[in-house]
């Protein structure tokens with residue numbers, strides 16, 4: 001049985017010479033002159049360079065788009081950083097508006113009862129404010145004990161037998177801090 005993959009053997013010498021001549025001609029055609037070979041390599045290099053330049057341009061455009069998107073996101077984050085805080089503060093405004101409406105509706109014949117209701121409403125609103133501030137990391141500065149220049153501002157010194165020298169005697173205005181940063185120092189008087 002013959003193998004179909006094997007080429008047919010030439011039967012005559014002329015056929016063998018003819019096949020060899022055809023193969024040599026094909027090889028000669030495939031061979032390029034050194035100048036043509038350089039041109040071919042140059043064309044391939046130019047095509048590769050153009051492809052690489054296009055890739056770089058696409059990557060650069062993607063980078064610029066990402067950069068612009070990040071800048072926009074950053075600007076939005078800064079612009080709306082206090083959105084949650086402001087939203088929580090609206091409930092306090094609502095409480096004040098309700099208090100004003102209630103004051104208008106109070107019977108002035110019973111002033112003591114009206115005053116008590118106003119006081120209760122103000123205490124509720126005050127506690128609500130403290131709760132919102134605490135939720136957002138704002139707390140009162142400690143007022144007791146030794147004077148701390150990080151959180152206290154001494155506005156006067158007084159004689160005090162009850163307090164040691166350099167300790168806070170009285171708080172004139174409360175101080176507040178946000179997390180670890182002082183928002184407003186407490187105005188205090190200290191003992192001499």
Exercise for the section: May I ask you to sort 67, 117 by Cβ crowding, counting other Cβ atoms within 10 Å and putting the fewest first? Expected result: 67, 117
Fill in the blank from the handout: Checked the stretch 83-192 against the a/c 1.5 cut and the a/b vs b/c comparison, axes a ≥ b ≥ c from its Cα gyration tensor; verdict oblate
Problem - Net lengthening on full extension, residue 35/residue 143 (0.36 nm per residue, minus Cα-Cα) - result: 29.7 nm
Practice task
Could you line up 129, 91 from fewest to most neighbouring Cβ atoms inside 10 Å?
Solution key: 91, 129
Handout entry: Sorted by Cβ density within 10 Å, fewest first, the residues 53, 162, 140
Key = 162, 53, 140
Exercise for the section: For the stretch 62-192, give the share of DSSP beta bridges that are antiparallel, in percent and rounded to the nearest 5; count only bridges with both residues there. Expected result: 65 percent
Problem - Distance from the stretch 115-163 to the stretch 77-92 (C-alpha centre basis), Å - result: 23 Å
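Bear in mind these aren't lab numbers, they're just calculated from the coordinates by the rules spelled out. What you are looking at is a predicted structure, and each value in this text was computed from that prediction instead of being measured. A quick note on method: Cβ atoms are made from the backbone with ideal geometry, for glycine too, and the neighbour counts reach across all protein chains shown.
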